[in-house]
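Working notes, structure below.
The values are calculated or read from the model by the stated rules, or taken from the named source; none is laboratory data. Please read these numbers as outputs of a predicted model, since none were measured by experiment. Cβ placement follows ideal geometry from the backbone for every residue including glycine, while neighbour counts extend to all protein chains displayed. These area figures cover heavy atoms from the full protein model, side chains too; ligands, DNA and RNA do not enter into them. Shrake-Rupley method; radii C 1.70, N 1.55, O 1.52, S 1.80 Å.
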Amino acid sequence: MTSTTHTVCPSCGGPVSDADRYCEACGTELNPAAAGAGSPNTPALDTDTEPTVEINTAPPVGPCVSCGGTIGADGYCETCGAKAAKVRDHFSEQPSPWVAGVCDRGIRHARNEDALAIAADAEPGSRALLVVCDGVSSSLDSDVASLAAARAARDVLTAGHAQGIGTESSRASAIVARLKAAADAASDAVLENTSPDSPNPASCTFVAAVLENGLLVAGNVGDSRAYWFPDNSAPVALTVDDSWAAELIATGIPREQAESGPHAHAITRWLGKDAPDHTPRTTTLKVAEPGWLLVCSDGLWNYCSEAAPLADLVRQTAAAAGGEPLATAAALVDWANAQGGQDNITVALARI
């Protein structure tokens, strides 16, 4: 990877990098020649080339959400002066009709430090790659680092199909190795978006799920999670949190008590300059029936942690959304916001 050069916006003087297309502060277009009509959706895996996903961070030109007035070129309402919401606060990806994700700022946080990056082949149930990273709010630039990490991991996972030596076990081992390489790339991306002299270096969680022709592999660092919800069998939590709460649960403390305590969301592993270890713990599962694959941040599972009730929520939400993954993910985000929206929320789904 190449390092990112940081500079200032020529319009407002705010901090920008050479990778930015728009200034986060005022919305000024920084590189007009590179701008295009690109969509935030990730292209399918089976294309010959896969361009980098760009999330347009320019302020919207539609009506002001506060008063209905016009948003000016400076990113503020011309009537009431309210600042326009950033597109980074809420975005979605749908690389294929059976795979989609939604990332949202929530209600209580000032910025969205969650990120997702997903990819999929066109054939339903064939191949899907879902990555979610949750920036640690107490660290600097975690919103930038989490998005860079998610994209870097996805790019490694899309590099090729894992074949092994032709046996099921060797194929599983090859996918696990590629998932660990994706975590390495995500860690490098976080480091590249951390100032060497930062007093509180950027950090984030990491979770990824890889589905390849009936074989499902998930791995995580931190407390973002992956679940498998088969239609007619018991739901499965594919990951175990690296957190103080998870350690309490392992000692026999009831989950509800552990996850509501004062240190419930203190994580014990993460990606970042000061991380003790970023090797993901992995789980491998053979998919034998239809179901839903869910990868999410704690902004969702905060309100419904255990696999069984969360599976019921996903199934009921999907039924109301006609089984469409993007609509289901959006509805789950809305549900989490309705519960309080105290954290950023990311929901990535694959209907298998």
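In table form, for the structure just shown:
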item	result
Formal net charge of residues neighbouring Leu326 (Cβ-Cβ distance under 15 Å; K, R +1; D, E -1)	-3
Under 5 Å, built H, 5+ apart or other chain: amide partners of Asp343	Ile107, Arg108
Portion, in percent, of the accessible area of the range 291-352 that falls on carbon or sulfur, probe 1.4 Å	50 percent
Karplus 3J(HN,Hα) series, Hz, for the range 294-300 with 6.51 cos²θ - 1.76 cosθ + 1.60 (x for Gly, Pro)	10, 10, 8, 8, 5, x, 8
Largest-first ellipsoid semi-axes for the range 213-352, taking √(5λ) over the Cα gyration tensor eigenvalues, angstrom	24, 18, 14
Prolate/oblate/rounded label for the range 296-344 (Cα gyration tensor, a/c 1.5)	oblate
Whether the range 87-351 is rounded, prolate or oblate, judged on the alpha carbon gyration tensor where a/c under 1.5 counts as rounded	rounded
Rounded, prolate or oblate (a/c below 1.5 giving rounded, otherwise prolate when a/b exceeds b/c) for the range 256-297 by Cα gyration tensor	oblate
Spatially proximal lysines relative to Lys273 (Cα-Cα < 26 Å; intrachain offsets below 8 disregarded)	Lys180
Cα centroid separation - the range 303-345 against the range 168-193, whole Å	28 Å
Within-13-Å neighbourhood charge of Ser233 [Cβ basis; K, R +1; D, E -1]	0
